[in-house]
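Data first, discussion second: the structure below is written as structure tokens.
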Amino acid sequence: MKFEFLILGIFAISLIVVQNASAAPSVQILMGQTTFSYGEKLVYTIEVSEVTGELAIIHIRDESGKGSSAIPIEISELKTEVPSPYPFEKQVFPEGKYFIDIQYSGAENTAEFNLIDSGNVVIPFQTKQIAASWVNNEVSGGILIDAIQKTVEKDAINIPYTIDREHIDKIYIPDWVKIISVWWLEEKISDGTFANAFQHLIDRKIITV
């Protein structure tokens with residue numbers, strides 16, 4: 001009788017071990033905030049019950065189902081913070097509700113957030129790249145002004161003259177303005193603060209054609 005109980009106990013323990021080994025790890029997305037404005041960056045945390053060595057796969061989609069391509073995220077800890085390198089821009093993300101879908105080692109989960117327009121000035125990332133090139137003397141000030149005129153809303157920075165091939169090389173921006181641009185590129189001042197400063201320089205004719 002004791003032998004039969006022993007065998008039964010071993011079988012029960014083995015069954016529990018097999019069930020635990022075959023169970024998929026859990027995964028969830030933790031949102032520090034669920035409402036974002038244009039100019040803010042998406043930040044969320046992936047929490048898993050165990051590190052399996054597999055990548056987490058993220059898709060971000062809107063209410064219509066239109067979504068991003070797969071975004072692989074390396075998981076080396078139970079909690080992994082995922083900050084977006086770029087802020088939300090109107091040209092890329094319409095206002096509304098968005099969903100973050102995650103797949104990890106057989107487990108799936110979804111989180112959601114809302115994107116609203118709170119009136120923040122947002123200068124497109126491509127314009128920031130051109131500003132960085134201007135700071136590094138790789139392009140002229142005229143190229144920067146042309147980019148601002150084409151990509152930044154006029155109520156943020158209004159360039160009161162036409163930029164063409166004849167005038168683009170005649171645009172003058174003092175070198176000291178690069179200090180303000182560096183602060184902006186390093187995110188020490190906001191897009192709105194930079195836009196106000198730049199507009200002031202144009203209005204005062206410190207930036208000229």
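The values are calculated or read from the model by the stated rules, or taken from the named source; none is laboratory data. Computed from a predicted model, the values in this text were never measured in an experiment. Note: ideal-geometry Cβ built from the backbone for every residue, glycine included; neighbour counts use all protein chains shown.
Tabulated values for the structure
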| quantity | calculated |
| --- | --- |
| Inter-residue pairs, beta-carbon under 7 Å, first of a type in the set (Lys, Arg) and in the range 67-91, second part of a loop (DSSP other than H, G, I, E, B), 6+ apart | LYS90/TYR38; LYS90/VAL122 |
| Residues within the range 157-185 that are more than 14 Å from LYS128 (Cβ to Cβ) and aliphatic (A, V, I, L, M), tallied | 7 |
| Qualifying residue in the range 133-153 (condition: surrounded by fewer than 18 Cβ atoms within 10 Å (Cβ to Cβ) and within 30 Å of PHE99 (Cβ to Cβ)) | yes |
| Verdict on VAL92 being of a type in the set (A, V, I, L, M, F, W, C), within 28 Å of THR127 (Cβ to Cβ) and part of a loop (DSSP other than H, G, I, E, B) | yes |
| Number of the exception - GLU95 against (1) crowded, with 16+ Cβ neighbours inside 10 Å; (2) touching a Phe, Trp or Tyr at 6+ places or on another chain (Cβ under 9 Å); (3) over 30 Å from LEU78 (Cα atoms) | (1) |
| Scope the range 63-94; condition of a type in the set (Asp, Glu) and either at pLDDT 95 or above or not assigned by TED's automatic domain parsing to the domain that holds VAL48 (or both); matching residues | GLU74, GLU77, GLU81 |
| Which listed residue, of ILE159, ILE130, ILE163, ILE123, is of a type in the set (Val, Ile, Thr) and assigned to a helix (DSSP H, G or I) | ILE130 |
| Test: residue in the range 141-156 that is touching a strand residue (DSSP E or B) at 6+ places or on another chain (Cβ under 7 Å), modelled with pLDDT of 90 or more, within 30 Å of THR35 (Cα to Cα) and not in a strand (DSSP E or B) | no |
| Of all residues in the range 154-198 being acidic (Asp, Glu) and touching a residue at least 12 places away in the same chain (Cβ under 8 Å), the one that is surrounded by the most Cβ atoms within 10 Å (Cβ to Cβ) | ASP191 |
| Residue within the range 175-189 that is out of contact with any Leu (no Cβ under 8 Å at 6 or more places or on another chain), at pLDDT 95 or above and of a type in the set (S, T, N, Q) present | yes |
